[in-house]
Amino acid sequence: MDYQVDVLKVGQFPETPGAEIYWMSNFGDDQWEPLTVYAMLVRGGGNVVLVNSGPPLERLEWLNSKWGAGTNMRHQLVVYDEDHIEKRLAALGVHPDDVQHLILTPLQPYALGGAVKFRNAQIHVNREGWADMFAPRYKKHPHDVMPVCFSPQDIHYFFVEAWDRMDMMKNECQILPGIDVFWVGVHHRSSIAVKVKTREGNVIFSDCMFRYEHIAEGRLLGINENMYEALEAYDRIRREADILVPMYDPRVLEKHPGGKIGY
């Protein structure tokens, strides 16, 4: 089975510290770079799969107050009207109720914030990442702050309303023939890579790589939690990917006009 992929822009950080992107480099105030936040729609054989659901618009102002802290509020997520996940999908003839599978990476608000809109989807999360979030070794974790990651409404949705549709994925699993998922870590404990078979080759989408340079040049992610995981993940992605979709690189839409891959 070959699938068609649509990369969907759901927001952007116009300015991001360079040292957050590249480990131990790009420290200067003049070396900040833009990031684009993507979701990914995968279709084929009557299957409709969505990777990530967009940010929670109702919490965006509060989230930006947290994300911008320490950067004089320069680091902010901007979501334009056309970036709303429902509008991106509608432009492709897809309604939220059509989505059969929703894969989340990582367990952060820009990935899971719109999950409540997909009432028919089985929701796939990495089991170990989920456990680390809700049974943490350190409650005061500097990178996974519970009120930032999950709102009370999110928790009620995942644990009550959608509980029967939750799939706690193993570190290596197959969602459908031709759609495989493997754990990578690196950025968060819940970070995974999604590999999709298309007629152009295997597409790999992941938040463990923010930009093409992480794979092409072997540059480590700045905001990585474990550089050994990065080295292993990047080696595997080089071996298995024909087409890279770094989850935040603005150039994805330049390389693939309209975000279309495998058409």
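Read the figures in this text as sums done on the coordinates, not as results from a lab. No experiment lies behind these values; they were computed from the predicted model shown. Note: ideal-geometry Cβ built from the backbone for every residue, glycine included; neighbour counts use all protein chains shown.
Got a number for residues in the range 13-45 being within 24 Å of L92 (Cβ to Cβ) and touching a helix residue (DSSP H, G or I) at 6+ places or on another chain (Cβ under 8 Å)? The number of residues fulfilling the criteria is 6. Does the range 223-230 include one or more residues that are closer than 15 Å to V51 by Cα, crowded, with 18+ Cβ neighbours inside 10 Å and acidic (D, E)? No. Filter the range 126-161 for residues that are of a type in the set (S, T, Y) and surrounded by 15 or more Cβ atoms within 10 Å (Cβ to Cβ); which is nearest to V116 (Cα to Cα)? This residue is Y157.
Scanning the range 83-123 for residues that are among the charged types (D, E, K, R), closer than 15 Å to Y38 by Cα and touching a residue at least 12 places away in the same chain (Cβ under 8 Å) gives D83, E86, R88. Within the range 151-164, the residues that satisfy the criterion of being more than 20 Å from E128 (Cβ to Cβ) and not small (G, A, S) are P152, Q153, H156, Y157, V160, E161, D164.
Considering the conditions (1) within 23 Å of V125 (Cα to Cα); (2) part of a helix (DSSP H, G or I), Y38 is excluded by exactly one of them, (2). Of the set (1) hydrophobic (A, V, I, L, M, F, W, C); (2) surrounded by 15 or more Cβ atoms within 10 Å (Cβ to Cβ); (3) within 19 Å of Q153 (Cβ to Cβ); (4) more than 16 Å from the chain's Cα centre (by Cα), all apply to W62 but (2).
Of L107, L8, L89, L77, all but one fail to be surrounded by 18 or more Cβ atoms within 10 Å (Cβ to Cβ), aliphatic (A, V, I, L, M) and more than 29 Å from D132 (Cβ to Cβ); the exception is L89. Which one is farthest from E33 (Cα to Cα), of the residues in the range 170-212 that are part of a strand (DSSP E or B) and among the charged types (D, E, K, R)? Taking the candidates together, the pick is E172. Do the conditions hold for V245, that is, is it touching a residue at least 40 places away in the same chain (Cβ under 8 Å), surrounded by 23 or more Cβ atoms within 10 Å (Cβ to Cβ), part of a strand (DSSP E or B) and under 15 Å from the mean Cα position of the chain (by Cα)? Criteria met by V245. Pairs linking a residue in the range 60-82 that is closer than 17 Å to G18 by Cβ and in contact (Cβ under 8 Å) with a residue 60 or more places away in the chain to a residue that is in a helix (DSSP H, G or I) and among the aromatic types (F, W, Y), with Cβ atoms under 7 Å and 6 or more positions apart or on different chains, are H75/W67; Q76/W67. Residues in the range 27-51 that are farther than 23 Å from P142 by Cβ, surrounded by 19 or more Cβ atoms within 10 Å (Cβ to Cβ) and touching a Ser or Thr at 6+ places or on another chain (Cβ under 8 Å): A39, V51.
Test of understanding: among W130, W163, which residue is of a type outside the set (S, T, Y) and in contact (Cβ under 8 Å) with a residue 60 or more places away in the chain? Write out each step before concluding.
On the way: W163 fails: in contact (Cβ under 8 Å) with a residue 60 or more places away in the chain.
None of the other options fit; the residue is W130.
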